[in-house]
Amino acid sequence: MAGPVKDREAFQRLSFLYQAAHCVLAQDPENQALARFYCHAERTIAKRLVLRQDPSVKRTLCRGCSSLLVPGLTCTQRQRRRRGQRWTVQTCLTCQRSQRFLNDPKHLLWGDRPEAQLGNQADSRPQPLPNTAHLIPAHLPKEKVQPQAPITGNKFDSSSR
């Protein structure tokens, strides 16, 4: 189970805006301007609060005009082969900006890899380096430091009056 989320309200607001953009396009596909406004507001909030969005959400937003990318409605999707690899190319129909995504079933995003999980990092944590801040270099003279005696009396103590 995941731990507590730092900015829970902000993530709820981002989720609401993303779902509102989907609902607007589902009800009226001609109302792309309102969906674009919701997606732009979502991106602005995420940038202002420095929040990381899930890659599946980021892949459905156009980086140029902040449109919601729905294949066949607001973008085209093509499968391409290049240098022996398969790529999915999404092209926004509003601003004509294209994005390429590797279409490899063996490919894992960093967040999905086991070493990216916090539970596994605690086990494979590197050993800390020894603290060398207290060592005095040999070419410097060693000074004797007198420890300070603790202060026992309190000048504001009412019992001494």
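Computed from the coordinates by the stated procedures, all read-outs in this text should not be read as laboratory data. Please read these numbers as outputs of a predicted model, since none were measured by experiment. Quick reminder, even Gly has a Cβ in these numbers, built from the backbone with ideal geometry, and neighbours come from all protein chains shown.
Listing for the model above:
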read-out	value
Residues within region 48-64 that are among the small types (Gly, Ala, Ser) and more than 16 Å from ALA35 (Cβ to Cβ), tallied	1
Residues satisfying the stated conditions in region 70-112, i.e. more than 16 Å from LYS58 (Cβ to Cβ) and basic (Lys, Arg)	ARG78, ARG80, ARG81, ARG82, ARG83, ARG86, LYS106
